[in-house]
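**Q** Pasting a structure below so you can have a look.
The values are calculated or read from the model by the stated rules, or taken from the named source; none is laboratory data. Since the model is a prediction, treat every value here as computed from it, not as a measurement. When we count neighbours, we look across all protein chains shown, and the Cβ atoms used for this are built from the backbone with ideal geometry, even at glycine. What goes into the accessible areas is simple: the full protein's heavy atoms, side chains included, and nothing from ligands, DNA or RNA. Shrake-Rupley method; radii C 1.70, N 1.55, O 1.52, S 1.80 Å.
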Amino acid sequence: MDILALIMRWAHILSAVTAVGGVFFMRFVLMPSAQAALSQEAHESLRAAILKRWQHVVHTCILLFLVSGFYNYLLITRHLHEDQPIYHMLFGIKFILALAVFTLALMLSSTRPWSAAVRANARFWLAVLALLSVVIIGMSGVMRALPHTPSPGNAPVMASDAQNPQDV
Ligand code: HEM
């Protein structure tokens, strides 16, 4: 068993459940509840307290996504999908969408003035972030389901076994 590949897969999946789960909770549970239950002032101080802590989670998840994502792609999956342009096209699109997600997440969790305009419309941009994250996860599932292309290094891919023999 390739322990490092397993750890990278755990790191990638844990970052996804933490970051995407956090965005959904904030946009569809915390924000409407705070608006309904708190005064403007209390809401503002709650938001400042949350952003100060959530920022660290965002930075850690972005770092783990990049390290585990590049490890997955450069050392494992690109070799399993040689001569399969659709896989690499999906990876490219996913990577660009992930950069957009990372930029939005950094702007929404920052306390600096440079992204104040985005935070002023957090309700809209958090919804955009949630939607983009779902698209990325959907694409990742398609990438994972694509059969491996037969090549010397890859285990022969049986039609009946389209799932990934790379499952650690
Ligand atoms: C918002 C950011 C991202 C999310 C939510 C996300 C989510 C996911 C999920 C859920 C999987 C499937 C995991 C599994 O079943 O093992 C996955 C796989 C993968 N991700 Fe990401 N990811 C993100 C960013 C990235 C980035 C930045 C990279 C590259 C630098 C990357 C590269 C990969 C690769 C190569 C796979 C394996 C696909 C395969 O099985 O062929 N991901 N990602």
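**Q** Once both axes come from the Cα atoms, what is the angle between helix 122-145 and the longest principal axis of the chain, in degrees from 0 to 90, rounded to 10?
**A** 10 degrees
**Q** Further question: How large is the charge dipole for the chain, taken about the Cα centre, if only the Cβ atoms of Lys, Arg (+1) and Asp, Glu (-1) carry charge, to the nearest 20 debye?
**A** Working: 11 positive and 7 negative charges, 131 e Å.
With only Lys, Arg, Asp and Glu charged at Cβ, the dipole is about 620 debye.
**Q** Between the helical axis of 40-70 and the dominant principal axis of the chain, each derived from Cα atoms, what acute angle in degrees is found, rounded to the nearest 10?
**A** Orientation of helix 40-70: about 20 degrees from the principal axis.
**Q** Take the alpha carbon atoms of the range 95-116, find their center, do the same for the range 57-78, and report the distance between the two centers in whole angstrom.
**A** 18 Å
**Q** Taking H placed 1.01 Å from N in the peptide plane, check which residues at least 5 places from HIS81 or on another chain put their amide H under 5 Å from its amide H.
**A** Those qualifying (amide H under 5 Å, at least 5 residues apart or on another chain) are THR149.
**Q** Which of TYR87, SER109, ILE7 sits closest to the plus end of the dipole of the chain, meaning its Cα is farthest towards the positive end, when Lys and Arg get +1 and Asp and Glu get -1 on the C-beta?
**A** Towards the positive end, the residue furthest out is SER109.
**Q** For the range 3-146, what is the relative contact order in percent, using Cα pairs closer than 8 Å and at least 6 residues apart in sequence?
**A** Details: 84 pairs, mean separation 47.4, N = 144.
With pairs under 8 Å counted, the relative contact order is 33 percent.
**Q** Quick one: angle between helix 85-109 and the longest Cα principal axis of the chain, in degrees between 0 and 90, rounded to 10, please.
**A** With rounding to tens, the tilt is 20 degrees.
**Q** I want the local charge near LYS52. Using Cβ-Cβ distances under 15 Å, sum +1 for each Lys or Arg and -1 for each Asp or Glu among the other residues.
**A** Summing Lys/Arg as +1 and Asp/Glu as -1 gives +3.
**Q** If you count only protein heavy atoms with a 1.4 Å probe, what accessible area per residue comes out for the range 3-146, rounded to a whole Å²? Please list the in-between numbers first.
**A** On the way: 8190 Å² over 144 residues.
In whole numbers, the range 3-146 has 57 Å² accessible per residue.
**Q** Among GLN40, ALA145, TYR73, whose Cα projects farthest towards the positive end of the dipole of the chain, with charges put on the beta-carbon of Lys, Arg (+1) and Asp, Glu (-1)?
**A** In the chain, that residue is GLN40.
**Q** Let me ask another. Report, in debye and to the nearest 20, how large the dipole of the range 40-116 comes out about its Cα centre when Lys and Arg carry +1 and Asp and Glu carry -1 on their Cβ. Don't jump to the answer; show the numbers that get you there.
**A** Values: 6 positive and 4 negative charges, 44 e Å.
Around 200 debye, computed over the range 40-116.
**Q** Same structure again: Determine the sum of side-chain charges near ILE137: Lys and Arg each +1, Asp and Glu each -1, restricted to other residues whose C-beta is under 11 angstrom from that of ILE137. Before the final figure, lay out each step's value.
**A** Working: positive: LYS94, ARG144; negative: none.
Neighbourhood net charge equals +2.
**Q** Can you give the helix-only mean residue ellipticity at 222 nm for the chain, where every DSSP H stretch with n ≥ 4 adds -39500 (n - 2.57) and the sum goes over all residues, rounded to the nearest 500 deg cm²/dmol? Numbers along the way, then the final one.
**A** Values: 6 runs with 115 residues, N = 168.
So the helix-based figure for the chain works out to -23500 deg cm²/dmol.
**Q** At q = 0.08, 0.20 Å⁻¹, what is the base-10 log of I(q)/I(0) for the chain according to the Debye formula with one equal point scatterer per Cα and no solvent? Please give it to two decimals.
**A** For the chain at q = 0.08, 0.20 Å⁻¹, log10 I(q)/I(0) is -0.31, -1.29.
**Q** Counting only protein heavy atoms, what percent of the accessible surface of the chain is carbon or sulfur at a 1.4 Å probe?
**A** Values: 7170 of 9890 Å².
Answer for the chain: carbon and sulfur cover 72 percent of the accessible area.
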